[in-house]
1. Among Gly118, Gly190, which is the only one that is touching a Phe, Trp or Tyr at 6+ places or on another chain (Cβ under 8 Å), modelled with pLDDT of 95 or more and surrounded by fewer than 19 Cβ atoms within 10 Å (Cβ to Cβ)?
2. Step by step: first the residues of the stretch 163-181, then only those that are in contact with a helix residue (DSSP H, G or I) (Cβ under 6 Å, 6 or more places away or on another chain) and not aliphatic (A, V, I, L, M), then the one that is nearest to Val144 (Cα to Cα). Which residue is that?
3. Name, by its number, the condition in (1) hydroxyl-bearing (Ser, Thr, Tyr); (2) under 14 Å from the mean Cα position of the chain (by Cα); (3) assigned to a loop (DSSP other than H, G, I, E, B) that does not hold for Thr146.
4. Residues that are exposed (fewer than 13 other Cβ atoms within 10 Å of the Cβ) and under 28 Å from Ile85 (Cβ atoms): does the stretch 135-153 have at least one?
5. From Ala66, Ala78, Ala109, grab the single residue that is in contact with a strand residue (DSSP E or B) (Cβ under 8 Å, 6 or more places away or on another chain), assigned to a helix (DSSP H, G or I) and either crowded, with 23+ Cβ neighbours inside 10 Å or modelled with pLDDT of 95 or more (or both).
6. Every residue in the stretch 104-145 that is of a type in the set (Ser, Thr, Tyr) and in contact with a helix residue (DSSP H, G or I) (Cβ under 7 Å, 6 or more places away or on another chain), please.
7. On the given criteria, is Arg160 in contact with a strand residue (DSSP E or B) (Cβ under 6 Å, 6 or more places away or on another chain), closer than 25 Å to Ala73 by Cα, surrounded by fewer than 18 Cβ atoms within 10 Å (Cβ to Cβ) and in contact (Cβ under 8 Å) with a residue 40 or more places away in the chain?
8. Within the stretch 163-210, track down each residue that is within 18 Å of Val122 (Cβ to Cβ) and part of a helix (DSSP H, G or I).
Amino acid sequence: MAAVRIDHLVTSGTFSLDGGTWDVENNVWIIGDDTEAIVIDAAHDAQAIAEAVGDRRLIAIVCTHAHDDHVGAAPELAALTGAPILLHPDDDPLWKQTHPDRTLDGPLAHGQRLTVAGIELVVLHTPGHAPGAVCVHAPVLGAVFTGDTLFQGGPGATGRSFSDFPTIIRSIRDQLLTLPPDTTVHTGHGASTTIGTEAPQLQEWIDRGH
């Protein structure tokens, strides 16, 4: 039986919120084996993601949050594969801005466990960048998929609607800094990092009372 692996592709498009639009590149993560998989963040290009999934059964499309660059391709990918779209309900208002006529297929909740290729993925609710932001921890793989909650160099942006800096710092403190330091952080944009690499700077912000 093939081992579980993490596949990665980068898709390009735009992010729009609060009247502005920016060009962005997004990381799309696919966790699975040769038989089945889960996609984390269906960004921009459903066809490219479907090709990366291949003939595997797609169990779910997990949205780390509902900013349009992370969910724009989710309905098309769901139509191509039959996979359900899962999102934390606190991000329903953001989802409806992008997909007002598409109902979500299921909720994500803190502590929820998703199974793919014989391993468990644990959902961590990490609000701050968005109210319903989640990270997905794969203990067996020594990895966490953080969306826009944590990047190489610090926390995600909190300067736009639906976001809050003290909240994202609390989420990182309570949900991410408790993970093993060698946990690989696979982000929504840019390079991966580790919890241990990011911890010192994050701890400084926490100690300052943020």
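The values are calculated or read from the model by the stated rules, or taken from the named source; none is laboratory data. Owing to the predicted nature of the structure, the values given are computational and were not obtained by experimental measurement. Because the Cβ atoms are built from the backbone with ideal geometry, glycine has one as well, and the counts that use them run over all protein chains shown.
1. Values: Gly118 fails: touching a Phe, Trp or Tyr at 6+ places or on another chain (Cβ under 8 Å).
Going through Gly118, Gly190 in turn, the sole match is Gly190.
2. That would be Pro181.
3. Tallying (1) hydroxyl-bearing (Ser, Thr, Tyr); (2) under 14 Å from the mean Cα position of the chain (by Cα); (3) assigned to a loop (DSSP other than H, G, I, E, B), Thr146 fails exactly one: (3).
4. Taking the stretch 135-153 and keeping what is exposed (fewer than 13 other Cβ atoms within 10 Å of the Cβ), we get 140, 153.
Right, trim to under 28 Å from Ile85 (Cβ atoms) and you get 140.
Taking every residue of the stretch 135-153 in turn, at least one turns out to be exposed (fewer than 13 other Cβ atoms within 10 Å of the Cβ) and under 28 Å from Ile85 (Cβ atoms).
5. Numbers: Ala66 fails: assigned to a helix (DSSP H, G or I); Ala109 fails: assigned to a helix (DSSP H, G or I).
Going through Ala66, Ala78, Ala109 in turn, just one is in contact with a strand residue (DSSP E or B) (Cβ under 8 Å, 6 or more places away or on another chain), assigned to a helix (DSSP H, G or I) and either crowded, with 23+ Cβ neighbours inside 10 Å or modelled with pLDDT of 95 or more (or both): Ala78.
6. Thr126
7. Numbers: in contact with a strand residue (DSSP E or B) (Cβ under 6 Å, 6 or more places away or on another chain): yes; closer than 25 Å to Ala73 by Cα: yes; surrounded by fewer than 18 Cβ atoms within 10 Å (Cβ to Cβ): yes; in contact (Cβ under 8 Å) with a residue 40 or more places away in the chain: yes.
Yes.
8. Those that are within 18 Å of Val122 (Cβ to Cβ) and part of a helix (DSSP H, G or I): Ser171, Ile172, Arg173, Asp174, Gln175, Leu176, Ile195.
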